[in-house]
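The next block holds one structure in the form of structure tokens; read it before the comments.
The values are calculated or read from the model by the stated rules, or taken from the named source; none is laboratory data. What you are looking at is a predicted structure, and each value in this text was computed from that prediction instead of being measured. Every residue, glycine among them, receives a Cβ derived from its backbone with ideal geometry; neighbour counts consider all protein chains shown. Remember, those area values only see protein heavy atoms, side chains included, never the ligands or the DNA or RNA. Shrake-Rupley method; radii C 1.70, N 1.55, O 1.52, S 1.80 Å.
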Amino acid sequence: MSALTAGDILGGEWRIVRPAFGDEPGSEYRVEPVEGGSARRLTLCRTLRPPTSAELKRFEELMHSGERTQNSAFQPVEAVGYDVAREALWMVRPWWNGESLPSMLGGLHPIGLDLPYLHALADQLAQALTAAQAAGIAHGRLRPTRLLVAPGGKGVRLCLLDLGLEVFRRTHASGWLRPPQVGTAYVAPELGETGPVPSSADVFSFGLIVRDMLATRRDGAWCGRWEHWVERATAAAGRRFGSVTEALRALLPVLRALPDDPPPPPPNYEPGIPSA
């Protein structure tokens with residue numbers, strides 16, 4: 001399997017510009033049309049054999065699942081194909097001027113994620129997953145690295161990648177499309193290797209992603225206030241929230257009870273003088 005380098009042409013129309021952040025090395029690239037135009041994001045999915053024409057057609061259909069939800073968190077897929085030299089299915093989407101959720105959370109100030117941003121991200125994620133399930137499809141393998149974040153309405157906007165990919169892998173390609181080797185902790189325990197993707201799997205992933213955002217508060221002011229919600233969101237399938245909508249509804253009073261600002265300094269605090 002040969003690697004892609006700057007200047008390579010994929011599918012006869014996409015020129016590689018540089019690698020982009022992805023789950024695994026060599027899986028994401030910034031590309032541009034050979035004939036000129038704005039930047040795009042290329043994603044490669046490694047395979048053990050080439051797909052048949054019918055499998056490639058089904059892959060293309062499922063990669064357009066996000067567009068059918070009419071939710072802005074899902075970027076349209078502009079092109080798909082199979083590259084023999086790289087042994088990979090590929091898809092091209094618009095370029096997103098932002099960063100991954102783990103990158104955003106890793107660069108926060110010492111206090112943690114601001115509550116309005118946390119609320120906005122949780123709300124957008126829940127709305128996107130609910131829209132997908134209303135369209136008859138669950139994500140199934142959602143993880144923080146497949147969430148992109150950028151400035152926007154409500155201070156922040158969210159993009160979800162790869163809706164339809166896990167459904168394709170499990171129902172059409174379980175024997176030859178390699179699952180990602182990262183993010184397995186975010187995969188619901190009831191999700192096997194084949195068969196339908198239950199909506200409960202997205203509730204589980206939603207719970208852990210929100211947990212990651214809640215856990216950014218580093219001064220201890222939120223401790224003991226949200227852990228019970230995460231326990232319910234990630235419980236066994238029969239005891240878990242019945243839907244992402246239900247999980248979000250239960251989360252809102254938890255967020256309202258969290259202190260937004262850092263606790264005030266003690267009465268004897270003087271700036272610039274270390275405490276005893």
Decide, for region 122-210, between rounded, prolate and oblate: order the square roots of the alpha carbon gyration tensor eigenvalues as a ≥ b ≥ c, take rounded if a/c falls under 1.5, and otherwise choose prolate if a/b is larger than b/c, else oblate.
prolate
Using a 1.4 angstrom probe on heavy atoms only, work out the carbon and sulfur share of the accessible area of the chain in %.
54
Among GLY37, HIS228, THR194, pick out the residue whose Cα is farthest towards the positive end of the charge dipole of the chain, where Lys and Arg carry +1 and Asp and Glu carry -1 on C-beta, about the Cα centre.
THR194
Working from Cα positions, state the angle (0 to 90°, nearest 10) between the long axis of helix 115-134 and the longest principal axis of the chain.
40
Accessible area per residue, Å², the chain with all protein chains present, probe 1.4 Å
47
Under the rule that an exposed site lies in a DSSP loop and has at most 11 other Cβ atoms within 10 Å, name the longest stretch of the chain with no GluC sites (Glu not before Pro) of that kind, not counting the sites themselves.
36-192
Keeping every protein chain in place, order ASP162, ASP8 by accessible area at 1.4 Å, biggest value first, i.e. largest first.
ASP8, ASP162
Helical contribution to [θ] at 222 nm, DSSP H n ≥ 4, -39,500 (n - 2.57), averaged over the chain, rounded to 500
-9000 deg cm²/dmol
Which of ALA73, ALA134, GLY238 sits closest to the plus end of the dipole of the chain, meaning its Cα is farthest towards the positive end, when Lys and Arg get +1 and Asp and Glu get -1 on the C-beta?
GLY238
Most mobile of ARG40, ARG68, ARG30 in a GNM of the chain (Cα contacts under 10 Å):
ARG68
Build a GNM of the chain with springs between Cα atoms under 10 Å: which of SER200, SER38, SER103 gets the top mean-square fluctuation?
SER38
With just the Cα atoms of region 120-276, tell me how far they stretch along each of the three principal axes, in Å, largest first.
66, 31, 30
Sorting check: for 41-49, 179-187, which peptide has the highest mean count of neighbouring beta carbons within 10 Å, and how do the rest follow?
41-49, 179-187
Debye, to nearest 20: dipole size of the chain, +1 on Lys, Arg Cβ, -1 on Asp, Glu Cβ
360
Between the Cα axis of helix 200-214 and the main Cα principal axis of the chain, the angle (0 to 90°, nearest 10) is 50
So between LEU48 and ILE9, what do we pick up on full extension, going 0.36 nm a residue minus the alpha carbon distance?
11.8 nm
I need the trypsin sites (Lys or Arg not before Pro) found in region 151-247, filtered to DSSP loop residues with at most 10 other beta carbons within 10 Å of theirs.
ARG239
In degrees rounded to 10, the 0-90 angle between helix 53-63 Cα long axis and the longest Cα principal axis of the chain is 20
Take the alpha carbon gyration tensor of region 1-54, find the square roots of its eigenvalues, order them as a ≥ b ≥ c, and report rounded if a/c is under 1.5; if not, report prolate when a/b exceeds b/c, else oblate.
oblate
What shape does region 1-95 take by its C-alpha gyration tensor, where a ≥ b ≥ c are the square roots of the eigenvalues and a/c under 1.5 counts as rounded, a/b above b/c as prolate, and the rest as oblate?
oblate
Normalise the Cα radius of gyration of region 50-123 by 2.2 N^0.38 Å (N = residues in it) and let me know the number.
1.54
Let's test this: bin the Cα-Cα distances of the chain at 5 Å from zero up to the farthest pair and state each bin's percent.
1, 5, 12, 15, 17, 15, 11, 9, 6, 4, 2, 1, 1, 0, 0
